[in-house]
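One structure below.
Nothing in this text is a laboratory measurement; each read-out follows from the coordinates by a stated rule. Remember, predicted model here, so these are calculated numbers, not experimental data. Here Cβ is always computed from backbone atoms with ideal geometry, including for glycine, and neighbour counts include all displayed protein chains.
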Amino acid sequence: MNNKRLLCVLFIVLYTIFLFTLSLTASAQAVPSVILKSNKTVLAPGYEADITVSLSDYQSFGKEINGFQFEVSYNPEQLEPVLENGKPLITLVFGFPGSVSVDADIISDGRLCFVWYEYNTSHIEAGLPSSATDLFKFKLKSKNSQSNAASAISLTSVKASYADNSTDGFSVFEPGKSADLLIQTGPLDFLPGDINQNGALEVVDLTMLKLHLVQRSPLTDKQLLIADITLNGIIDSHDLVHMKKCILGLEVS
């Protein structure tokens with residue numbers, strides 16, 4: 001009888017410890033994060049990259065939020081923003097028509113400011129999941145520089161506007177941030193997609209990429225860099241499709 005009671009007490013203690021550990025893990029994971037993403041890892045002179053500002057774990061902010069202000073820095077010697085009417089060109093990714101305002105300004109050479117503001121906070125509460133949500137994207141263009149460089153794009157400041165009006169405008173908070181984005185800029189010393197490096201895009205290049213993707217004939221590190229014809233840092237079927245279109249003359253590499 002005593003053994004049964006002891007086992008029962010032990011089970012309750014262990015189960016309580018398990019629940020406590022689970023709650024600590026969940027709270028540790030629920031850290032608001034702002035992430036910068038790019039659709040390109042290499043930019044030849046004159047080419048553009050889409051930079052996306054993404055938010056995750058919105059529900060763990062602890063307050064209802066209706067807007068954000070972001071400051072982003074970049075290397076002005078290698079990159080420049082794509083402009084529209086004198087302001088950085090931005091595309092809204094998340095937001096309900098008529099209820100979201102998104103704006104951008106140039107603070108100085110190499111520094112941009114973005115404001116994403118939701119007028120109807122019930123939309124934010126209902127619409128933003130705890131997983132990552134892309135808010136908006138902007139474009140950076142590689143300058144016609146003859147020097148190669150790893151150009152950093154950094155999130156330097158994040159501010160929030162709370163729905164309960166407990167703050168005057170935007171207040172600073174420190175969410176988790178991704179590491180700086182690094183984009184290789186400058187002249188390319190190869191023709192993207194020219195895997196056999198004979199100076200032209202041909203069917204043989206397409207065949208080499210196919211064999212790599214089906215794991216029959218792996219490409220070398222140098223060939224992998226060249227095979228990434230979409231210049232997004234990933235070798236996949238999109239490169240295959242794009243290469244085929246380039247060979248057929250439907251697109252340019």
Seminar exercise, completed: If amide H atoms are modeled at 1.01 Å from N in the peptide plane, then the residues at a separation of 5 or more from Lys87, or on another chain, having amide H under 5 Å from its own are none
Seminar exercise, completed: Quick calc: nm separation of the 7 Å Cα→Cβ label points for Glu71 and Leu213 -> 4.4
Seminar exercise, completed: If amide H atoms are modeled at 1.01 Å from N in the peptide plane, then the residues at a separation of 5 or more from Gln184, or on another chain, having amide H under 5 Å from its own are Val42, Leu43, Ser151
Exercise. Each residue of segment 105-115 in order: what ³J(HN,Hα) in whole Hz does its phi give by Karplus 6.51 cos²θ - 1.76 cosθ + 1.60, θ = phi - 60°, with x for Gly and Pro?
Worked result: 9, 8, 6, 6, 5, x, 9, 10, 10, 10, 10
Exercise. How big is the charge dipole of segment 203-247 about its Cα centre, in debye rounded to the nearest 20, if each Lys and Arg gets +1 on its Cβ and each Asp and Glu gets -1 on its Cβ?
Worked result: 160
Exercise. In what sequence do Phe70, Phe94 fall when counting other Cβ within 10 Å, fewest first?
Worked result: Phe94, Phe70
For this session: Counting other beta carbons within 10 Å of each Cβ, put Asp221, Asp109 in order, fewest first.
Result: Asp221, Asp109
Problem set entry | FRET efficiency, 1/(1 + (r/R0)^6) with R0 25 Å, evaluated for Asp221 and Leu188 via beta carbons | 0.95
Exercise. Taking 0.36 nm per residue of separation and subtracting the Cα-Cα distance, what length does fully extending Leu248 through Asp109 add?
Worked result: 45.9 nm
Seminar exercise, completed: Non-local residues with an amide H under 5 Å from the amide H of Lys143, with H modelled 1.01 Å from N and Pro and chain starts lacking one, are Gly46, Leu79, Glu80
